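Peer 1: My questions all concern the structure below.
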Protein chains: 4
Amino acid sequence: MKVRLLITGGTIDKFYNQSNGELEFDKTHFPEMIKRARIEVDLIQEELLLIDSLDMVDIDRQLILDRCENSAEELILITHGTDTMCDTAKLLGEREINKTIVLFGSMVPYAVNNSDALFNFGCALGSLQLLEPGVYVAMNGRVLPWSDVEKNRDLGVFQPSSH
Amino acid sequence: MKVRLLITGGTIDKFYNQSNGELEFDKTHFPEMIKRARIEVDLIQEELLLIDSLDMVDIDRQLILDRCENSAEELILITHGTDTMCDTAKLLGEREINKTIVLFGSMVPYAVNNSDALFNFGCALGSLQLLEPGVYVAMNGRVLPWSDVEKNRDLGVFQPSSH
Amino acid sequence: MKVRLLITGGTIDKFYNQSNGELEFDKTHFPEMIKRARIEVDLIQEELLLIDSLDMVDIDRQLILDRCENSAEELILITHGTDTMCDTAKLLGEREINKTIVLFGSMVPYAVNNSDALFNFGCALGSLQLLEPGVYVAMNGRVLPWSDVEKNRDLGVFQPSSH
Amino acid sequence: MKVRLLITGGTIDKFYNQSNGELEFDKTHFPEMIKRARIEVDLIQEELLLIDSLDMVDIDRQLILDRCENSAEELILITHGTDTMCDTAKLLGEREINKTIVLFGSMVPYAVNNSDALFNFGCALGSLQLLEPGVYVAMNGRVLPWSDVEKNRDLGVFQPSSH
């Protein structure tokens, strides 16, 4: 059972650039996270993008969609910025691809103290292997289907949109 | 959907006692971990034990079994030392309790750099909500049934015993 | 021997604001850092400002100068953003206050992985107690007098300006 | 101005061995710490020993003494376990070597959360460059001469023995 991990950036992968004092992208932290988590699942990493999800445009989402449709694996994890994670989930969900796809990210970068990154990664990978085909968002310890998930910006949490 | 979290100790909850330089138990780190992980699942913590799983005796396992059988929730997480996690899983599994029970722990304490604790917690909580009733071990990104899991001490990983 | 610690902000005290994804100021991390460092020196903390040193204006520096001149202690530590640390040091140095004053900060926030904050704090506090009266900058493991220090922005290090 | 850093082990350099769950020695963390601290001082590392200071015997201290006497540098840092740090300091101090020697360590390993290691390293390196020749212990933000320092085991701090 192989899993494809599509990396697109988002808060989870930002690092502190000490030259300008900004949180930016350099390289993904997933190789380090995978080693630390001692994962025994066969995981194929693929870095598609390394961008803020507010900067994601149609062509970026098209790229993600293509890779979901065309990669050989039936289990797909996607790292994603939280601001437009639900939009990408919806785009993928409406295509009714016959695969299990779980999107996740974090509210605090992996490289910053007190990050939720590793927890969300664990939750996403654990549930990916058990879910029916479909598109889901795994955040805050919950796994929600693309058709019923939204980010509550005031609380900083993901919740059912039928909430 | 409520989840009961039964805390029993193990490596995941050890801390560094600077008076004697030993890794010991003081209090559980789960309240801090739950806050950090920004969990939105209704999680009831219950500290049953705070011991090394090599020191766990029959009466300790009986206590865990009783709490699994008698607590109101149908979804139960159990933190556990890795050395005898599979033994406790087997004891619980053979009782055929009609609940979903997932055991997890970590190879490196939460309080030590580079810990796998948060990842395993995420994996356990995510899969708990999706699994059929039964008893499982969630470690190394995999969720394995009690009847087919063992700790490979040489590699420091959990694997199917039919491996 | 009492030490006054004047807190003014800078990179060292920034934290990650998950609502907007920016590094900002909330409250100082020094109470936590002092506890962690197990300091036995009599240290009086005073939060003067909590700002980026690029935003520091004349009236801010005047406030720092006043507190240096008017506080009872002869040993003074000042936390400061790195961008204008040398400017403030020069202003204080030219006043020839008969006290020992050491400025420090960090290139990476205390709240971000791999921070140099604790190291610089230790270097500043250790040297403060040994230096002749005057104004100094303690960064990169070196203690440099206000009259011969500059930030090399390309390298991200402090060096003698006569370098 | 060159500094020699003699590494001997102690709590500061222990790491968590996940095979047996013990805090042990593997390799020194100082290359990582030096990089993180962004040190611009010319620092020559030399790993003499990697042992618990309770296991240190006469021949080990003789080795440290020899290296202090025979290395070319006049500024020497020594990392050391806290339990017998004052004994080694006394042995070196009584030899009246005409160099500046500062011993330090930490109460919590660098590899464990909330460590004082980086702070003590900064304090030791900062003060080393300012002290008169002699032998000192830099712990808890204080720099104490070998002839007037002891570890208070109840409090877990170093203090003047004339206290």
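Peer 1: Rounded to the nearest 0.05, what FRET efficiency do B:Asp66 and A:Asp58 have when you use their Cβ-Cβ distance and R0 = 60 Å?
Peer 2: Calculated value: 0.60.
Peer 1: Continuing with this model, one more query. Dimensions of segment B:39-105 along principal axes (Cα, Å, largest first)?
Peer 2: 32, 26, 17
Peer 1: For segment D:119-158, what mean projected area does the convex hull of the alpha carbons give, in nm²?
Peer 2: Numbers: hull surface 11.4 nm².
Average projection, Cα convex hull of segment D:119-158: 2.8 nm².
Peer 1: Compute the FRET efficiency between A:Arg95 and D:Asp26 as 1/(1 + (r/R0)^6), taking r as their Cβ-Cβ distance and R0 = 56 Å, and round to the nearest 0.05.
Peer 2: Working from the Cβ atoms, E equals 0.70.
Peer 1: Just round it to a whole percent: the fraction of Cα-Cα distances in the protein assembly as shown exceeding 31 Å.
Peer 2: Tail of the P(r) past 31 Å holds 57 percent of the pairs.
Peer 1: Filter the cross-link list A:Lys35/D:Lys14; C:Lys151/D:Lys27; A:Lys27/C:Lys151 down to pairs whose alpha-carbon distance in this structure exceeds 25 Å.
Peer 2: Those over the limit are C:Lys151/D:Lys27; A:Lys27/C:Lys151.
Peer 1: Under the rule of at least 5 residues apart or a separate chain, name every residue whose amide H is placed under 5 Å from the amide H of A:Met139.
Peer 2: It is A:Leu144, by chain and number.
Peer 1: Give the chain B residue with the shortest beta-carbon distance to the rotation axis relating chain B to chain A, plus that distance as a whole number of Å.
Peer 2: B:Gly122, 1
Peer 1: Moving on to the next point. Tell me, what ³J(HN,Hα) does each residue in segment B:19-36 have, in order and in whole Hz, if you take phi through Karplus 6.51 cos²θ - 1.76 cosθ + 1.60 with θ = phi - 60° and put x for Gly and Pro?
Peer 2: Listing the rounded values in order: 5, 10, x, 9, 8, 9, 9, 10, 9, 5, 8, 5, x, 5, 5, 5, 5, 4 Hz.
Peer 1: Run the accessible area of segment D:1-85 with a 1.4 Å probe and give the carbon-and-sulfur part as a rounded percent.
Peer 2: Working: 1610 of 3770 Å².
Here it works out to 43 percent.
Peer 1: What ratio of Cα Rg to 2.2 N^0.38 Å holds for segment B:1-68?
Peer 2: 1.24
Peer 1: Can you give the FRET efficiency for A:Glu74 and B:Ser147, using 1/(1 + (r/R0)^6), R0 = 22 Å, r = Cβ-Cβ distance, to the nearest 0.05?
Peer 2: According to the calculation, E is roughly 0.30.
Peer 1: Hey, what D do you get for segment B:70-117 in µm²/s if you plug the Kirkwood alpha-carbon radius into Stokes-Einstein at 4 °C and 1.567 mPa s?
Peer 2: 107 µm²/s
Peer 1: While we're looking at this one, here's another question. Could you tell me the total accessible area buried at the D-C interface, probe 1.4 Å, in square angstrom to the nearest hundred?
Peer 2: Summed over both sides, the interface buries about 2500 Å².
Peer 1: What is the dipole size for chain B, taken about its Cα centre, with +1 at each Lys and Arg Cβ and -1 at each Asp and Glu Cβ, in debye to the nearest 20?
Peer 2: Working: 15 positive and 26 negative charges, 96 e Å.
The dipole of chain B has a size of about 460 debye.
Peer 1: Within chain A, what percent of beta bridges assigned by DSSP are antiparallel, to the nearest 5?
Peer 2: 35 percent
Peer 1: Further, regarding this structure: Normalising by the residue count of chain D, find the relative contact order in percent from Cα pairs under 8 Å and 6+ residues apart.
Peer 2: The value is 23 percent.
Peer 1: Sticking with this structure for a sec: Rg to Rh ratio, segment D:86-163, alpha-carbon atoms and Kirkwood radius?
Peer 2: Answer for segment D:86-163: 0.97.
Peer 1: Further, regarding this structure: Scan segment B:22-57 for GluC sites (Glu not before Pro) in coil per DSSP, keeping those whose Cβ has at most 16 other Cβ atoms within 10 Å, and list them by number.
Peer 2: Answer by residue number: B:Glu40.
Peer 1: Could you give each residue of segment D:61-76 its phi-based ³J(HN,Hα) in whole Hz, using Karplus coefficients 6.51, -1.76, 1.60 with θ = phi - 60°, and x for Gly or Pro?
Peer 2: 3J(HN,Hα) across segment D:61-76, in whole Hz: 5, 5, 4, 4, 4, 4, 5, 5, 6, 9, 6, 6, 6, 9, 10, 10.
Peer 1: Taking the solvent-accessible surface of protein heavy atoms with a 1.4 Å probe, what is the per residue accessible area of segment C:82-163 in Å²?
Peer 2: Numbers: 2820 Å² over 82 residues.
That works out to 34 Å² per residue.
Peer 1: Still on this structure, please answer the following. How far is it, in nm, from the label point at C:Asp87 to the one at C:Asn113 when both lie 7 Å from their Cα along the line to the Cβ?
Peer 2: Those two pseudo-labels are separated by 3.4 nm.
Peer 1: Now, a different point. Taking H as built 1.01 Å from N, whose amide H comes closer than 5 Å to the amide H of A:Gly134, not counting residues under 5 places away?
Peer 2: For A:Gly134, the qualifying residues are A:Lys99, A:Thr100, A:Ile101.
Peer 1: For chain A, what number results from the quotient of the Cα radius of gyration and 2.2 N^0.38 Å?
Peer 2: After normalising by residue count via 2.2 N^0.38 Å, the value is 0.96.
Peer 1: Report ³J(HN,Hα) in whole Hz for each residue of segment D:123-131, in order, from the Karplus equation J = 6.51 cos²θ - 1.76 cosθ + 1.60 where θ = phi - 60°; Gly and Pro get x.
Peer 2: Listing the rounded values in order: 5, 5, 5, x, 6, 3, 6, 10, 7 Hz.
Peer 1: Same structure, new question: Sequence-distant or interchain residues sharing an amide H contact under 5 Å with C:Ile78, placed H: which?
Peer 2: Answer set, sorted by chain and number: C:Leu6, C:Val102, C:Leu103, C:Phe104.
The values are calculated or read from the model by the stated rules, or taken from the named source; none is laboratory data. Please read these numbers as outputs of a predicted model, since none were measured by experiment. Cβ: placed from backbone, ideal geometry, glycine included. Neighbour counts: every protein chain shown. We work out accessible area using only protein heavy atoms, side chains counted, and drop any ligands, DNA or RNA first. Shrake-Rupley method; radii C 1.70, N 1.55, O 1.52, S 1.80 Å.
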